[in-house]
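The values are calculated or read from the model by the stated rules, or taken from the named source; none is laboratory data. The model shown is predicted, which means the values in this text are computed figures rather than measured ones. Quick reminder, even Gly has a Cβ in these numbers, built from the backbone with ideal geometry, and neighbours come from all protein chains shown.
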Amino acid sequence: ILIMSVVATPADLPPPDKLPSVAGLPDVLTMRDGTKITSKKDWEEKQRPELKELFQHYMYGRYPHLVEPVKVVVTGKVLFEDAKAFDGKGTLREVEVSFSEASWPKIYLLIAAPNGSAPAACFVGPNFGGNHLLTASDKVRVPTAWVPANYPGVEKGTNKATAAGRGKQADTWPLQQIVEKGYAVATFYCGDIQPDRPNVREGMRATLPVHKDGGPIDETATVMWWAWGCHRAVDFLVTDKSIDAKRLAVVGHSRLGKTALLAGAFDDRIAVVIPHQSGCGGAGPSRSKNEKAEPVKRITTVFPHWFCANFTAFGDDTTKIPFDQHALVAICAPRPVLLTNAEDDQWANPSGQFDVLTAAAPAYKLYGDTKPGADKVPEQGTLSADRLGYFIRAGKHSMTPDDWKVFMQFADKWLK
Ligand code: GCU
């Protein structure tokens with residue numbers, strides 16, 4: 001693959017405080033210069049690239065390695081393969097994905113696929129604490145990168161994962177349940193690409209030039225690195241014979257749900273996008289009406305590394321952001337996007353996410369879908385499996401086997 005620049009940073013993007021204020025979610029079909037988009041062609045050639053540019057410059061940082069085009073060769077090496085996993089119904093493998101750029105860290109993809117001849121549709125996404133947390137199999141690699149202290153089996157005081165964590169979070173990515181439904185699933189530890197902590201030049205961030213006075217205001221930030229990692233996982237998956245390259249769905253929970261949405265928006269090879277409880281910085285609007293939802297000010301203070309420095313500047317006035325999160329959903333058009341939520345997780349802003357879906361609909365309509373989403377928030381526990389899908393259940397912030405049932409119900413409609 002050749003990772004290269006599509007659009008260079010336009011010189012005319014003003015600093016955050018010089019941007020005009022817009023009170024509600026900005027019209028997704030109006031360009032910065034006021035041009036109204038009325039055709040699919042203009043959407044794809046004009047507004048979509050402009051929005052991608054704005055999201056990079058003002059929020060997630062630049063898509064990695066665009067400035068200096070790099071030719072990257074992705075190599076997969078099978079570390080182990082168990083063809084009789086899941087009561088003989090599937091194959092469990094771990095693949096070390098490495099890059100021709102030798103300084104880049106490797107990704108370890110845990111892949112579970114149903115046994116059988118036909119290539120399977122596949123869920124792909126990052127996980128929070130390591131592949132070993134997702135299965136009791138002792139063949140699965142324990143990460144050597146920094147891991148957050150509060151995960152099972154992490155050695156006290158050192159942020160090192162240990163084998164004691166094996167299988168302790170198997171419910172978050174229920175491999176067997178997924179395989180039994182005929183789907184494949186591929187996941188990797190997000191921290192192998194970029195550990196989730198600020199101010200340390202490690203992971204992929206270490207491949208960027210060091211600047212004495214901090215990085216550029218739109219330096220690639222952590223959520224972008226994770227999304228980029230998803231794309232590199234996809235590079236491998238599209239070469240894997242057990243996987244159907246045309247039927248990939250990206251999934252992630254919470255901060256990794258923000259990642260899933262960004263990954264889907266920036267890579268058309270991903271057919272379905274499922275950000276679960278992604279909230280602020282994901283499918284939750286920055287201009288929020290929900291008092292219980294996480295504000296931009298809070299997220300950029302507590303997690304300064306997730307977004308680029310430009311985004312922090314909007315903390316006191318989100319009306320100056322020249323887009324909102326519905327535009328990130330709109331970039332995915334016409335591909336199906338499912339926003340899933342929980343009633344007790346107001347922090348992730350379920351109602352605001354519904355508004356985001358509604359405001360993304362005009363882009364989907366350009367592709368001929370006259371009714372891309374539901375008119376009102378569906379009943380709790382009832383999936384709206386429209387192209388702009390929505391689901392809210394009772395309960396709290398978590399990703400559970402029941403959530404996966406909903407993801408698969410959505411995939412049954414769009415990927416079967
Ligand atoms: C925090 C953060 C959220 C994030 C969540 C998570 O609650 O404020 O934005 O989504 O962590 O990743 O679990």
Next on the checklist: Whether any residue in the range 319-337 is closer than 30 Å to T301 by Cα, part of a helix (DSSP H, G or I) and over 20 Å from the mean Cα position of the chain (by Cα) is what I want to check.
Outcome noted: yes
Next on the checklist: Take the conditions of a type in the set (K, R) and either at positive phi or not in a loop (DSSP other than H, G, I, E, B) (or both) and apply them to R197. Does it pass?
Outcome noted: no
Next on the checklist: So the check is Cβ under 7 Å with 6+ separation or different chains; which pairs have a first residue in the range 365-391 that's over 16 Å from Q409 (Cα atoms) and a second one that's exposed (fewer than 14 other Cβ atoms within 10 Å of the Cβ)?
Outcome noted: L366/S39
Checklist entry - Just checking, which of L208, L261 is surrounded by 22 or more Cβ atoms within 10 Å (Cβ to Cβ) and either touching a residue at least 12 places away in the same chain (Cβ under 8 Å) or away from the ligand (no atom under 14 Å from the Cβ) (or both)? => result L261
Item to check | Positions within the range 257-279 being within 20 Å of E50 (Cβ to Cβ) and charged (D, E, K, R), in sequence order | outcome: D267, D268
Checklist entry - Which of the residues that make up the range 313-337 are within 16 Å of the ligand (Cβ to nearest atom) and aliphatic (A, V, I, L, M)? => result L328
Checklist entry - Is it true that some residue in the range 230-252 is in contact with a Ser or Thr (Cβ under 8 Å, 6 or more places away or on another chain), modelled with pLDDT of 95 or more, closer than 26 Å to H397 by Cβ and surrounded by 20 or more Cβ atoms within 10 Å (Cβ to Cβ)? => result yes
Next on the checklist: For the range 355-378, which positions are outside any helix (DSSP H, G or I) and of a type in the set (G, A, S)?
Outcome noted: G368, G373, A374
Next on the checklist: Given the condition more than 13 Å from the ligand (Cβ to nearest atom) and under 21 Å from T30 (Cβ atoms), answer yes or no: does some residue in the range 296-312 qualify?
Outcome noted: no
Next on the checklist: Just to be sure I understand the filter: pairs with C-beta atoms under 7 Å, separated by 6 or more residues or on different chains, first member in the range 40-62 and surrounded by 16 or more Cβ atoms within 10 Å (Cβ to Cβ), second member among the β-branched types (V, I, T) and in a helix (DSSP H, G or I). Which pairs pass?
Outcome noted: R48/I331; L51/I331; K52/I331; Y60/V223
Checklist entry - What are the residues in the range 272-295 that are in contact with a helix residue (DSSP H, G or I) (Cβ under 6 Å, 6 or more places away or on another chain), more than 15 Å from the ligand (Cβ to nearest atom) and either part of a loop (DSSP other than H, G, I, E, B) or charged (D, E, K, R) (or both), if any? => result R287
Item to check | Selection status of P401, surrounded by fewer than 17 Cβ atoms within 10 Å (Cβ to Cβ), within 21 Å of the chain's Cα centre (by Cα) and over 26 Å from F55 (Cβ atoms) | outcome: yes
Checklist entry - assigned to a helix (DSSP H, G or I) and without any contact (Cβ under 8 Å) to a residue 60 or more places away in the chain: does that describe R269? => result no
Item to check | Residue that is nearest to the ligand (Cβ to nearest atom), among those in the range 379-400 that are outside any loop (DSSP other than H, G, I, E, B) and over 11 Å from H276 (Cα atoms) | outcome: R393
Item to check | For R298: the one exception among (1) touching a His at 6+ places or on another chain (Cβ under 9 Å); (2) assigned to a helix (DSSP H, G or I) | outcome: (1)
Checklist outcome for this item: Going through the range 338-352 in order, the residues found to be within 15 Å of the ligand (Cβ to nearest atom), not charged (D, E, K, R) and not in a helix (DSSP H, G or I) are L339, T340, N341, A342, N349
Checklist entry - Considering only residues of the range 55-90 that are touching a Lys or Arg at 6+ places or on another chain (Cβ under 8 Å) and at pLDDT 95 or above, which is farthest from F236 (Cα to Cα)? => result Q56
